[in-house]
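All remarks here apply to the structure that follows.
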């Protein structure tokens, strides 16, 4: 991260809390977990643990992505939720604003990804060595300038949605890694984790939490 890390200081936004799970809304610009070095210590996990000392990490969102995150409040819940993410049993829906008119209205990107080592944390498509990465999309509305889309990742690779949209020629607006020119010139990355569905660790009932996109 070459730019100075200055995360937003919004108060913790708790969406749901019970005896096993905690669901919060992460703001854009805040790391999910600490980075390397004391200047990158402020993160959502640290803020959550100030209020809920027993909270445990289950998954993460990119620093610049906002939206729904779930934390476990017991080791049992952490194992239970972690397995659901690992086995792709969670339901994730993102909202993004992307460059240009994305057509057709629905589709799937199936392009394997690998870290671009000299330029990390950037990722790149690699058909030989990349790991499977699949994203479904659905256009909500579109103009010649930009499209608002729902993105449903079937896998959970780093930067997956960002690379897949850029590979289609429709980078996510405000993306400092994969957008260029006017598409980069936005106050934030226009990517938001809107809905997260999972089975509750206590009893297995289906839960679904939604936080509307702030853009």
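The values are calculated or read from the model by the stated rules, or taken from the named source; none is laboratory data. Bear in mind that the values here come from a model prediction, so they are computed numbers and not experimental data. Every residue, glycine among them, receives a Cβ derived from its backbone with ideal geometry; neighbour counts consider all protein chains shown.
Brief remarks on what is shown
- Residue match in the range 34-56 (condition: touching a residue at least 60 places away in the same chain (Cβ under 8 Å) and out of contact with any strand residue (DSSP E or B) (no Cβ under 6 Å at 6 or more places or on another chain)): no
- Within the range 147-165, the set of residues being in contact with a helix residue (DSSP H, G or I) (Cβ under 9 Å, 6 or more places away or on another chain) and surrounded by fewer than 23 Cβ atoms within 10 Å (Cβ to Cβ) comprises 153, 156, 157.
- Extreme residue, farthest from residue 166 (Cα to Cα), among residues of the range 117-139 that are more than 19 Å from the chain's Cα centre (by Cα) and surrounded by 14 or more Cβ atoms within 10 Å (Cβ to Cβ): 130
- Residue list for the range 122-140, restricted to those being part of a loop (DSSP other than H, G, I, E, B) and touching a residue at least 12 places away in the same chain (Cβ under 8 Å): 122, 126, 127, 129, 130, 132, 133
- Selection from the range 1-29 of residues that are under 20 Å from residue 209 (Cα atoms) and either surrounded by 15 or more Cβ atoms within 10 Å (Cβ to Cβ) or in contact with a helix residue (DSSP H, G or I) (Cβ under 6 Å, 6 or more places away or on another chain) (or both): 12, 15, 17, 20, 21, 22, 23, 24, 25, 26, 27, 28
- Answer from 90, 65, 108 - the residue that is in contact with a strand residue (DSSP E or B) (Cβ under 9 Å, 6 or more places away or on another chain) and more than 30 Å from residue 145 (Cβ to Cβ): 90
- Candidate set from the range 161-212 (those that are under 22 Å from residue 58 (Cα atoms) and in a loop (DSSP other than H, G, I, E, B)); member that is farthest from the chain's Cα centre (by Cα): 203
- In the range 111-141, residue modelled with the highest pLDDT [restricted to those that are out of contact with any strand residue (DSSP E or B) (no Cβ under 7 Å at 6 or more places or on another chain) and closer than 20 Å to residue 188 by Cβ]: 122
- Any chance residue 42 is within 27 Å of residue 145 (Cβ to Cβ) and either more than 19 Å from the chain's Cα centre (by Cα) or outside any strand (DSSP E or B) (or both): no
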